[in-house]
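Engineer: Quick one: this structure, given as structure tokens, is what I'll be asking you about.
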Amino acid sequence: MPALLAAAMLWICPALQEPKDEPKPPPQETPAEEPESLGFQGELRIGGWRTGAFDAVTPLGRRTINTTLLFDAGFDFRAISSGWSLTLTGDYAAGKSITLETAGILIGTMWELESDPLPLDLQVAIGPVLGSLKVDVAGFGSFRNAVGFEARIAATSWVDGRIGISFWLDYRQISYTYLGTVTSGDLHAGGPSFALGLGIVMRF
């Protein structure tokens with residue numbers, strides 16, 4: 001009789017039964033963060049390059065270069081990773097009787113200013129450049145190639161995933177030593193100069 005009473009109580013009150021152990025779900029692995037991949041960009045630029053003046057007196061006469069605005073064309077190849085960039089840059093500028101060429105390496109960083117409706121990036125870079133200055137005037141003389149530095153700020157608007165349009169501004173500090181004898185006046189041409197323009201950027 002006591003055994004029958006105990007069985008009835010367990011049947012009436014299932015809550016008194018010991019809970020069965022339920023299988024626990026296997027732990028989920030946290031996905032590892034993928035490192036940011038290395039990206040590449042190529043850019044074609046056009047604009048104007050404003051140069052400084054040069055005025056020197058030599059035994060053969062006076063030599064002058066007036067402050068002028070040269071047509072400037074440039075090409076950049078840029079590697080980007082984690083917001084930092086390394087750019088190989090080159091420029092060719094020409095005007096009446098004057099040719100300027102520079103090539104250099106710029107190290108910079110960039111930020112995304114806008115994401116909608118069109119992505120907008122801001123880039124700042126600086127680095128050393130090697131340059132040459134040539135004057136196509138008979139008997140003018142020549143200038144020694146020089147090393148200087150260049151600083152650039154550029155804003156790029158991406159019209160789609162791979163093509164962008166940039167507005168860029170450069171400050172270039174480079175001085176070219178005149179190789180002839182100077183009796184008075186300037187010994188160097190160039191100095192601080194500015195360039196600005198537009199560019200077309202392509203992502204690879």
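Engineer: Within the range 66-80, is there a residue that is small (Gly, Ala, Ser) and under 17 Å from Asp186 (Cα atoms)?
Structural biologist: no
Engineer: Restricting attention to the range 84-112, and to residues there that are farther than 22 Å from Phe149 by Cβ and not basic (Lys, Arg), which single residue is modelled with the highest pLDDT?
Structural biologist: For the range 84-112, the residue satisfying everything is Ala94.
Engineer: Which condition does Arg62 not pass, out of (1) in a strand (DSSP E or B); (2) at pLDDT below 50, if it passes all the others?
Structural biologist: (2)
Engineer: Answer yes or no: is there a residue in the range 17-27 that is among the polar types (S, T, N, Q), at pLDDT 95 or above and farther than 22 Å from Leu187 by Cα.
Structural biologist: No, every residue in the range 17-27 fails to be among the polar types (S, T, N, Q), at pLDDT 95 or above and farther than 22 Å from Leu187 by Cα.
Engineer: Next question, about the same structure. Identify the single condition in (1) more than 17 Å from Leu169 (Cα to Cα); (2) touching an Asp or Glu at 6+ places or on another chain (Cβ under 7 Å); (3) not β-branched (Val, Ile, Thr) that Gly74 does not satisfy, given that it satisfies every other one.
Structural biologist: (1)
Engineer: Anything in the range 36-53 that is surrounded by 12 or more Cβ atoms within 10 Å (Cβ to Cβ) and not in a strand (DSSP E or B)? List them, or say none.
Structural biologist: Thr51, Gly52, Ala53
Engineer: So which residues in the range 160-199 are surrounded by fewer than 13 Cβ atoms within 10 Å (Cβ to Cβ) and in a loop (DSSP other than H, G, I, E, B), if there are any at all?
Structural biologist: Asp160, Gly161, Arg162, Leu179, Thr181, Thr183, Leu187
Engineer: Six or more apart or on different chains, Cβ under 7 Å: which pairs go from a residue in the range 183-204 that's more than 26 Å from Thr87 (Cα to Cα) and in contact (Cβ under 8 Å) with a residue 12 or more places away in the chain to one that's surrounded by fewer than 16 Cβ atoms within 10 Å (Cβ to Cβ) and acidic (Asp, Glu)? Could you list them?
Structural biologist: Cβ pairs passing all conditions: Gly185/Asp55; Asp186/Asp55.
The values are calculated or read from the model by the stated rules, or taken from the named source; none is laboratory data. Please read all numbers here as calculations on a predicted model, not as lab measurements. Glycine also receives a Cβ, built like all others from the backbone with ideal geometry; neighbour counts cover every protein chain displayed.
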